[in-house]
Amino acid sequence: MDAPVPRMRIDKWLWHARFFKTRTLAAATVSAGHVRINSVKASKPAHGVVAGDVLTFAQGDLVRVVRVLAHGVRRGPASEAQALYEDLTPARDDVPSGAPDSEGGRPTKRDRRIFDLDRRRMLE
């Protein structure tokens with residue numbers, strides 16, 4: 001008979017891995033339906049995660065994709081938290097940086113228009 005696989009609440013894991021400042025904020029994000037576990041929307045903060053699960057969620061302007069490697073026993077330092085997951089987030093090479101094409105200085109009005117147009121195209 002196989003032993004049961006240890007599970008940890010998704011809100012607690014996200015907090016341990018330091019993706020959210022508070023566990024309440026992590027739970028609210030999961031409850032709002034903004035977290036996916038293996039491409040399936042998680043609706044409850046009590047949903048369990050195991051090693052090998054792939055989580056997808058928004059963090060600021062970035063969509064994070066991480067693979068759970070281990071469960072945390074505490075919310076420790078960042079170096080300890082980074083050992084809990086493997087970051088699979090794709091590189092953001094295609095996102096305009098907003099920096100001007102010319103060397104140094106503020107972006108020109110033309111640079112800003114190009115940046116806004118590129119951003120609108122990405123969101124469509």
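No lab work stands behind these numbers, since they all come straight from the coordinates. Predicted, not measured: the structure shown is a model, and the values here were computed from it. We place every Cβ from the backbone using ideal geometry, glycine too, and count neighbours over all the protein chains shown.
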* Under a point-charge model restricted to the Cβ atoms of Lys and Arg (+1) and Asp and Glu (-1), what is the dipole moment magnitude of the chain relative to its Cα centre, in debye to the nearest 20? -> 580 debye
* Structure fact -> Counted neighbours (other Cβ, 10 Å), sorted fewest up, put M122, M8 in the order M122, M8
* Structure fact -> Once normalised by the length of the chain, the mean sequence separation of its alpha carbon contacts under 8 Å that are 6 or more apart gives a contact order in percent of 18 percent
* Structure fact -> Neighbour-count ranking for D53, D87 (other C-beta within 10 angstrom, fewest to most) reads D87, D53
* Cα-based helix-to-principal-axis angle, 109-123 vs the chain, degrees rounded to 10 -> 40 degrees
* Taking 0.36 nm per residue of separation and subtracting the Cα-Cα distance, what length does fully extending A58 through A46 add? -> 2.4 nm
* Structure fact -> P(r) over all Cα-Cα pairs of the chain, 5 Å bins from 0 to the longest distance, whole percent per bin, short to long, reads 2, 10, 17, 19, 14, 10, 9, 9, 6, 3, 1, 1, 0, 0
* To do: Any lysines with Cα under 29 Å of the K21 Cα? List them, leaving off those in the same chain fewer than 8 positions away.
  => K12, K41, K44
* To do: Would you work out which of V65, H16, A27 lies farthest towards the positive end of the dipole of the stretch 8-87, given +1 charges on the beta-carbon of Lys and Arg and -1 on that of Asp and Glu, about the Cα centre?
  => A27
* Structure fact -> Residue span R113 to Q82: 0.36 nm per residue of separation minus Cα-Cα distance leaves a gain in nm of 7.4 nm
